[in-house]
1. Since residue 112 meets every condition but one in (1) farther than 21 Å from residue 163 by Cβ; (2) touching a strand residue (DSSP E or B) at 6+ places or on another chain (Cβ under 6 Å), which condition does it not meet?
2. Tally the residues that are within 26 Å of residue 156 (Cβ to Cβ) and surrounded by 13 or more Cβ atoms within 10 Å (Cβ to Cβ), restricting the search to segment 26-44.
3. Could you tell me whether residue 78 is without any contact (Cβ under 8 Å) to a residue 40 or more places away in the chain, closer than 20 Å to residue 155 by Cβ and surrounded by fewer than 18 Cβ atoms within 10 Å (Cβ to Cβ)?
4. Somewhere in segment 9-25, is a residue in contact with a helix residue (DSSP H, G or I) (Cβ under 7 Å, 6 or more places away or on another chain), exposed (fewer than 15 other Cβ atoms within 10 Å of the Cβ) and free of Cβ contacts under 8 Å to residues at least 60 places away in the same chain?
5. Collect the residues in segment 147-167 that are surrounded by fewer than 18 Cβ atoms within 10 Å (Cβ to Cβ), within 17 Å of residue 127 (Cβ to Cβ) and in contact (Cβ under 8 Å) with a residue 24 or more places away in the chain, keeping them in residue-number order.
6. For segment 113-132, how many residues are touching a helix residue (DSSP H, G or I) at 6+ places or on another chain (Cβ under 7 Å), surrounded by 14 or more Cβ atoms within 10 Å (Cβ to Cβ) and not in a loop (DSSP other than H, G, I, E, B)?
7. How about segment 175-184: which of its residues are surrounded by 15 or more Cβ atoms within 10 Å (Cβ to Cβ) and either in contact with a helix residue (DSSP H, G or I) (Cβ under 9 Å, 6 or more places away or on another chain) or at positive phi (or both)?
8. What about residue 58, is it under 21 Å from residue 142 (Cβ atoms), in a helix (DSSP H, G or I) and in contact with a strand residue (DSSP E or B) (Cβ under 7 Å, 6 or more places away or on another chain)?
């Protein structure tokens, strides 16, 4: 199997494994007592589905320039390898964060759970939203490996969706935990440790 074939199989496989894990993780979570509003949920879903569509079905979308390269083909093996590592690390980071969050996990939408706990340890000691940090790293890695502008656009759409959801979640957390969440937010950055 050549490197071309390996990477063409690797990225869909790791993302599909991640999606399956996410479905499995949805079992045995606490009951939801408050949920992100429907228009906000719809916006998140549309942006994320468009982002995934650009990454995996971009060549089928007849928009000029999307398949243009920002990574020259001569440098593609290096960027594909780096992208594979970043994608895998990002997705594994989301899994660690999800496991650490336990039954407080919200799944696809921002929610408040019954007996919701403020989790600040493990990956949550590094960033307030490690699942989103890991997702963004995985999007960046996949976009680098693709090396086409569709990957950049897909990553930008994912970032917009994630920032939107963070705003909703931060509002929920501040209402639920008040000063404790404010203190946590002052201590720990939202997406990038020590930066963002």
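1. Result: residue 112 passes all but (1).
2. Total meeting the criteria: 5.
3. yes
4. yes
5. 166
6. 6
7. Hits for segment 175-184 are 177, 181, 184.
8. Working: under 21 Å from residue 142 (Cβ atoms): yes; in a helix (DSSP H, G or I): yes; in contact with a strand residue (DSSP E or B) (Cβ under 7 Å, 6 or more places away or on another chain): yes.
When the stated conditions are applied, residue 58 passes them.
Read-outs throughout are calculated quantities, based only on the coordinates presented, and are distinct from any laboratory measurement. The structure presented is a predicted model; accordingly, all values stated were derived computationally and were not measured. Cβ sites come from the backbone with ideal geometry, for glycine too, and all protein chains shown count toward neighbours.
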